[in-house]
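Bear in mind that the values in this text are calculations on the coordinates, not laboratory data. Predicted model, so just to flag it, every value in this text is computed and none were measured.
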Amino acid sequence: MANLTLYELEGCPYCAKVKTKLADLDLEYGSVMVPRSHGERTEVEEVSGQTGVPVLVDEEHGVEGMSESDDIVEYLEETYGSAS
Ligand SMILES: N[C@@H](CCC(=O)N[C@@H](CS)C(=O)NCC(=O)O)C(=O)O
């Protein structure tokens, strides 16, 4: 089973897009809610080098901190979609 972690923020539309994809693919994942204040987003900054969300970690596939929602959706489809 995949071991996925999503860094996200409540009400973030980019995060919602990624979560919809995760649900479509029936993938389980761990969720880490980041603080609303950028200055306090130290954990997501450590994994991805920036403070925006969403960020995906997929250790099994060597993905340590992927940050653009479009990239994440494409990655999930390529890695876990029906074509994979
Ligand atoms: N282009 C990014 C935009 C993400 C974005 O703007 N996320 C907001 C929350 S909804 C955020 O964390 N903004 C702060 C930042 O980008 O540093 C994506 O599609 O992932």
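The table below lists the values:
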| item | result |
| --- | --- |
| Expected 222 nm ellipticity per residue - DSSP helices of 4 or more, -39500 (n - 2.57), all of the chain, to 500 | -11000 deg cm²/dmol |
| GNM result for the chain, Cα springs below 10 Å: residue of Gly65, Gly49, Gly11 fluctuating most strongly | Gly11 |
| Difference of contour (0.36 nm per residue) and Cα-Cα distance, Thr42 to Asp24 | 3.5 nm |
| On Cα atoms only, tilt of 69-80 relative to the major axis of the chain in degrees | 30 |
| Candidates Glu43, Glu74, Glu60: whichever shows maximal mean-square fluctuation once the chain is modelled as a Gaussian network with Cα springs under 10 Å | Glu60 |
| On Cα atoms only, tilt of 13-24 relative to the major axis of the chain in degrees | 30 |
